[in-house]
Amino acid sequence: MQEEKIIAETQFKATLSGGPGGQHANKTHSQIILYWDLSNSKCFTAEEKQRLSQKLSSYLNKDGVLQMRCAESRSQFKNKQLVIRQFLQALKKSLKVPRKRKKTLPTKAARLKRLQNKRLHSEKKRNRKPPL
């Protein structure tokens with residue numbers, strides 16, 4: 001994944017943020033919003049774009065633009081670094097293809113343990129009945 005090319009496709013906007021800072025937070029634009037247009041990106045193939053749109057659907061608006069925001073720090077620079085890190089991690093996680101599960105049979109020990117548990121359970125139930 002070419003991180004520099006992807007970051008070059010993003011746009012940032014600074015807005016007012018709440019949180020720590022008191023009066024300082026009311027007059028500084030420290031929250032960063034990252035915008036990235038998935039459909040117009042030139043860094044991914046059509047198949048990768050499809051996977052990203054499915055996995056990152058909670059971040060996408062109806063125009064297909066991904067939005068992420070960060071207001072953790074009082075510093076605009078730190079918030080920008082944090083949102084870029086979150087964005088790249090989300091992309092890497094979404095592009096990872098899960099491995100297929102190989103079907104296996106239960107081991108002999110697992111089968112014996114299951115039968116033993118069944119035997120104990122039926123014994124417990126049998127002991128609850130009144131004697132004849």
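The values are calculated or read from the model by the stated rules, or taken from the named source; none is laboratory data. Keep in mind that what you see is a predicted model, and the values were worked out from it rather than measured. As a convention, Cβ positions derive from the backbone with ideal geometry for all residues, glycine included, and neighbour counts pool all protein chains shown. Calculation scope for accessible area: heavy atoms of the full protein, side chains included, ligands and nucleic acids excluded. Shrake-Rupley method; radii C 1.70, N 1.55, O 1.52, S 1.80 Å.
The mean accessible area for residues of the chain, using a 1.4 Å probe and ignoring ligands and nucleic acids, is 80 Å² per residue. The listed residues Phe12, Phe87, Phe44, once ranked by accessible area (1.4 Å probe) with the largest placed first, stand as Phe12, Phe44, Phe87. Count Lys and Arg as plus one, Asp and Glu as minus one, and take only other residues whose Cβ is under 14 Å from that of Arg51; the net charge is then +3.
For segment 57-99, the ratio of Cα radius of gyration to the globular rule of thumb 2.2 N^0.38 Å stands at 1.36. If ligands, DNA and RNA are left out, what is the accessible area of Thr104 with a 1.4 Å probe, given in Å² to the nearest 10? Its accessible surface works out to 100 Å², give or take rounding. Per-residue accessible area (protein heavy atoms, 1.4 Å probe) orders Leu38, Leu16 as Leu16, Leu38, starting from the largest.
Projected label points at Val65 and Ala110, each 7 Å from Cα along the beta carbon direction, are separated by 5.0 nanometres.
Considering only alpha-carbon pairs that sit under 8 angstrom and 6 or more positions apart, the relative contact order computed for segment 52-109 is 29 percent.
A 1.4 Å probe, protein heavy atoms only, puts the accessible area of Tyr35 near 50 Å². Computed on protein heavy atoms with a 1.4 Å probe, the accessible areas place Ser94, Ser53 in the order Ser53, Ser94, largest first. Any idea which of Leu88, Asn40, Leu105 is furthest toward the positive side of the dipole for segment 36-106, if Lys and Arg beta-carbons carry +1 and Asp and Glu beta-carbons -1? Of the candidates, Leu105 comes out farthest on the positive side.
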